[in-house]
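The values are calculated or read from the model by the stated rules, or taken from the named source; none is laboratory data. Just so it is clear, the structure is predicted and the values come from calculations on it, not from any experiment. Because the Cβ atoms are built from the backbone with ideal geometry, glycine has one as well, and the counts that use them run over all protein chains shown. Calculation scope for accessible area: heavy atoms of the full protein, side chains included, ligands and nucleic acids excluded. Shrake-Rupley method; radii C 1.70, N 1.55, O 1.52, S 1.80 Å.
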Amino acid sequence: MKLVFAGTPEVAVPALDALIASGRHEVAAVVTRPDAPAGRGRRLVASPVAERAEEAGIEVLKPARPRDEDFLARLREIAPDCCPVVAYGALLPKAALDIPAHGWVNLHFSLLPAWRGAAPVQHSIMGGDEVTGASTFLIEEGLDSGPVFGVITEGIRPTDTSGDLLTRLAFAGSGLLAATMDGIEDGSLKAVPQPSDGVSLAPKITVEDAAVDWAAPALRVDRVVRGCTPAPGAWTLFRGERLKLVQTAPVPDRTELAPGELAAAKNNVYVGTGSHAVELLWVQPQGKKPMRAADWARGVRITPGERVGG
């Protein structure tokens, strides 16, 4: 088939690579978000997908809005058979959805209908799921509600951050997306409607969502830290400034600390929660680089009974 691939961040690059390497389909063009300011100089930088497509000599389309008529006109000229999508980052209007004969097929990082929305991996970790996966489905105008072509499963490890899990799903999912394109082409795959039960939503995680509630149980605190790493980054307040929590670990045998209460030893830093303590392993003070929590604690000289949080 002739394909137009839509995607923007680094997590979409493995799928683009898989389609380029398949040899069975032609990636005629790539659709991605416009260049965005980045770094201290705030200079405009192309998306990872745009950079990869340019390396491969593939035409790159960067519409400000997918409903722009010049973009739609170019898409009609290319006349793709199907448009695979991975984390494109913009809503597609019906005028665009109607152009390819086989529609737009999204690789979504959850087992649909669970965790529909922008942050399925973060929510699966924060929700305490033990298994997640990826799904390919036909995009409709509803939120991740279209019929499903295929799924893969992936276990969630006790120490997984959302970055760890998303990386594994990006590579495993790239094979699923390529296989889905093959199945659509040869007619062996038919999309199956999603069940009406088991629907859960995964909206974007905001900075406010990433604030740690020390009155919550230790497992919940640890899940929030892992689910919000690397972005937007779990945090708490210490002496009126934000302290980012990069890595923590529950410590079931320490139950004497009150929620938010700090205890620093030579090589360890503990914080009380609503159940047992968690150990701070890596933190990032405001305006500084990540550091070992024990080094941070020595520098700030924590006093007995001092707390983090509001």
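Examine segment 226-249 for a residue that is touching a strand residue (DSSP E or B) at 6+ places or on another chain (Cβ under 7 Å), of a type in the set (S, T, N, Q), crowded, with 20+ Cβ neighbours inside 10 Å and in contact (Cβ under 8 Å) with a residue 40 or more places away in the chain, and state whether such a residue exists. Yes: one or more hits.
How about segment 26-52: which of its residues are among the small types (Gly, Ala, Ser) and touching a helix residue (DSSP H, G or I) at 6+ places or on another chain (Cβ under 7 Å)?
Residues of segment 26-52 among the small types (Gly, Ala, Ser): 28-29, 36, 38-39, 41, 46-47, 50.
Hits for segment 26-52 are 28, 29.
Looking at segment 265-275, which of its residues are at pLDDT 95 or above and either open to solvent by 70 Å² or more (accessible area, probe 1.4 Å) or assigned to a strand (DSSP E or B) (or both)? Spell out how you get there, then give the answer.
From segment 265-275, those at pLDDT 95 or above are 268-275; that's our starting set.
Hits for segment 265-275 are 269, 270, 271, 272.
Just checking, how many residues over segment 206-232 are of a type in the set (Val, Ile, Thr), part of a loop (DSSP other than H, G, I, E, B) and under 21 Å from residue 282 (Cα atoms)? Looking only at that region, the number is 3. Residues of segment 138-178 that are part of a helix (DSSP H, G or I) and either within 16 Å of residue 25 (Cβ to Cβ) or of a type in the set (A, V, I, L, M, F, W, C) (or both): 165, 166, 169, 170, 171, 172, 174, 175, 176, 177, 178. For residue 181, the conditions (1) outside any loop (DSSP other than H, G, I, E, B); (2) within 25 Å of residue 272 (Cβ to Cβ) are fulfilled apart from (2).
Is it true that residue 119 is under 12 Å from the mean Cα position of the chain (by Cα), farther than 17 Å from residue 181 by Cα and surrounded by 19 or more Cβ atoms within 10 Å (Cβ to Cβ)? Quick ask: steps written out before the conclusion?
On the way: under 12 Å from the mean Cα position of the chain (by Cα): yes; farther than 17 Å from residue 181 by Cα: yes; surrounded by 19 or more Cβ atoms within 10 Å (Cβ to Cβ): yes.
In short, yes.
Are any residues in segment 184-199 of a type in the set (Gly, Ala, Ser) and surrounded by fewer than 15 Cβ atoms within 10 Å (Cβ to Cβ), and if so, which ones? Working first, answer last.
Our first condition is that a residue be of a type in the set (Gly, Ala, Ser); within segment 184-199, this holds for 187-188, 191, 196, 198.
Once the filter is applied, which keeps residues that are of a type in the set (Gly, Ala, Ser) and surrounded by fewer than 15 Cβ atoms within 10 Å (Cβ to Cβ), segment 184-199 yields 187, 188, 196, 198.
The rows are residues; the columns are (1) among the hydroxyl-bearing types (Ser, Thr, Tyr); (2) closer than 18 Å to residue 124 by Cβ; (3) modelled with pLDDT of 95 or more.
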{"position": "193", "(1), (2), (3)": "no, no, yes"}
{"position": "196", "(1), (2), (3)": "yes, no, no"}
{"position": "202", "(1), (2), (3)": "no, yes, yes"}
{"position": "208", "(1), (2), (3)": "no, no, yes"}
{"position": "219", "(1), (2), (3)": "no, yes, yes"}
{"position": "223", "(1), (2), (3)": "no, yes, yes"}
{"position": "230", "(1), (2), (3)": "no, yes, yes"}
{"position": "238", "(1), (2), (3)": "no, no, yes"}
{"position": "257", "(1), (2), (3)": "no, no, yes"}
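Inspect all residues belonging to segment 155-172 and state whether any of them is in contact with a strand residue (DSSP E or B) (Cβ under 9 Å, 6 or more places away or on another chain), surrounded by 20 or more Cβ atoms within 10 Å (Cβ to Cβ), of a type in the set (S, T, N, Q) and modelled with pLDDT of 95 or more. Yes, that holds for at least one residue.
Within segment 55-79, which residues are among the acidic types (Asp, Glu) and under 12 Å from residue 32 (Cα atoms)? Can you show your working first?
Narrowing segment 55-79 to residues among the acidic types (Asp, Glu): 55, 59, 68-70, 77.
59, the sole residue that qualifies.
When residues in segment 276-310 are screened for being at negative phi, open to solvent by 50 Å² or more (accessible area, probe 1.4 Å) and assigned to a loop (DSSP other than H, G, I, E, B), 7 of them pass. Of the residues making up segment 250-264, those that are farther than 17 Å from residue 296 by Cβ and open to solvent by 50 Å² or more (accessible area, probe 1.4 Å) are 252, 253, 254, 255, 256, 259. The numbered conditions (1) in contact with a strand residue (DSSP E or B) (Cβ under 7 Å, 6 or more places away or on another chain); (2) open to solvent by 40 Å² or more (accessible area, probe 1.4 Å); (3) not charged (D, E, K, R) are all true for residue 25 except (2). Taking segment 151-167 as the range and being of a type in the set (D, E, K, R) and either closer than 30 Å to residue 190 by Cβ or free of Cβ contacts under 8 Å to residues at least 24 places away in the same chain (or both) as the test, the residues that pass are 154, 157, 164. Checked across segment 106-125, the condition of being closer than 20 Å to residue 25 by Cβ and of a type in the set (S, T, N, Q) holds for at least one residue.
Is it the case, given these coordinates, that residue 286 is under 29 Å from the mean Cα position of the chain (by Cα), modelled with pLDDT under 95 and either among the polar types (S, T, N, Q) or more than 26 Å from residue 128 (Cα to Cα) (or both)? Against the criterion (under 29 Å from the mean Cα position of the chain (by Cα), modelled with pLDDT under 95 and either among the polar types (S, T, N, Q) or more than 26 Å from residue 128 (Cα to Cα) (or both)), residue 286 qualifies.
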